[in-house]
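Taking it in order: structure first as structure tokens, then the write-up.
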Amino acid sequence: MRTARATAAAVTAVIGAGAAAVAAGRLASDAALKAPPGRPLPTEPRLTVHGAAAGQISLTRDLAALRPGRYGLSGDGSHAVVGPVLTGVRHPADTVVRRLESVTHGTLESGDKVWLTPNVYVGNPGTALGLEHADVDVPGELGSLPAWFVPGKRDTWVIAVHGLGTTRELAMNVMGFLHRGHIPVLALAYRGDLGAPRPPDGLNHLGETEWRDLDAAIRYAVRYGARQVVLHGWSTGATMALRAATHSGLRDRVAGLVLDSPVLSWETTLRALASARRTPGALLPLAVRAAQGRTGLTGDRAAGTAPSYGLRVPALLFHGPDDAVAPWRLSRRLADSRPDVVALRTVAHAPHGALWNADPEAYEEALRRFLTPLM
């Protein structure tokens, strides 16, 4: 009897430990599968405001606070725009002073917790940029997808699609530039976004199913006058663009791709986000398995190499070695494997999905050179 009881207790302990491990893996996978649009990714540190006045803001000294370029600064109930780090300004050694360009809404008080975001503009193209636009509904497989359409004279449209941790407001970073080039822009909200249908399982599939909403946007553009389209995607939006260019029934209308910080390995990205939540390394394989079980995602196609996705059109790829979410090395391999169609522009000191922010002028010049022959 004692032996039987000991065996039963051991089995129960093993089962309990296994169930706990499965639950922990499931929780760890939430970092990617339940990343809410417009909220900071786990890789993005929270900074403390130490003071704001006269066009300057003092923030906690951190590598993030020292990034070059122009960013949104978001807090709970506030948004501002900050420019470069200011030199020659006296400040304590544990702080960084940046140019404060504007406070879009809310207030910035000492002690507030904030984070840098690629979303410089908030609102809509009219309120944020003064651009004429229309709120349109794109018919998708799960229901209507809200989108902004900014008209232009050309018959090649740019369809812009955001990725992890951002919203369609991200497209406004390049919208003014595209509008000056008379290029129509369709900025899409897709499944899981505010105002868009909820995915059946409530989870983000990291572009693997969301691309069908981008396919719907291509069909909408062609229906309303686009001769061809260029797909501009950030993060998992870039993954969506790659898949749409390969699998869409209207892929012959895709003239080119602009890929900013593409997620070329969902497993690597999931591990990175889970690690940023301080998930122990031993649990990371469980997080991957949990993600596969919850979403049906297949094994990592990008193990050691970057998939070419059967690219048939020119692609401009923006990526940087400081990306903590989607590794730059996979973009490098993609460019090396397809030099006939892929041009890689490496941007240093920029976080995931924020390469325009690091150097807007250089980004837009590269974009101009890429788009001109496609128009």
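Every read-out reported here was derived from the displayed coordinates using simple, explicitly stated rules and does not represent laboratory data. Everything quoted here is computed from the prediction, not taken from an experiment. Every residue, glycine among them, receives a Cβ derived from its backbone with ideal geometry; neighbour counts consider all protein chains shown.
Observations on the model:
- Kyte-Doolittle mean at least -0.5 and Cα axial length at least 30 Å: DSSP H helices in the chain: 2-33
- Exposed-loop-free span, longest in the chain, where GluC sites (Glu not before Pro) count as exposed if DSSP calls them loop and at most 13 other C-beta atoms lie within 10 Å: 142-375
- Qualifying trypsin sites (Lys or Arg not before Pro) for segment 70-109 [loop in DSSP, other Cβ within 10 Å: at most 10]: 90
- Net charge, residue 253 excluded, C-beta distance under 10 Å - Lys, Arg +1, Asp, Glu -1: +2
- Cα gyration tensor, segment 228-371 - rounded (a/c under 1.5), prolate or oblate: oblate
- In the chain, the DSSP beta bridges split such that about 60 percent are antiparallel, to the nearest 5.
- Cα-centre dipole for the chain with unit charges at Cβ (Lys and Arg positive, Asp and Glu negative), debye to 20: 820 debye
- For segment 42-58, 3J(HN,Hα) computed residue by residue from phi via the Karplus equation (6.51, -1.76, 1.60; θ = phi - 60°) reads x, 6, 9, x, 7, 10, 9, 6, 9, x, 8, 5, 6, x, 9, 9, 9 Hz, glycine and proline entered as x.
- Compactness ratio for the chain: Cα radius of gyration over 2.2 N^0.38 Å (N = residue count) comes to 1.05.
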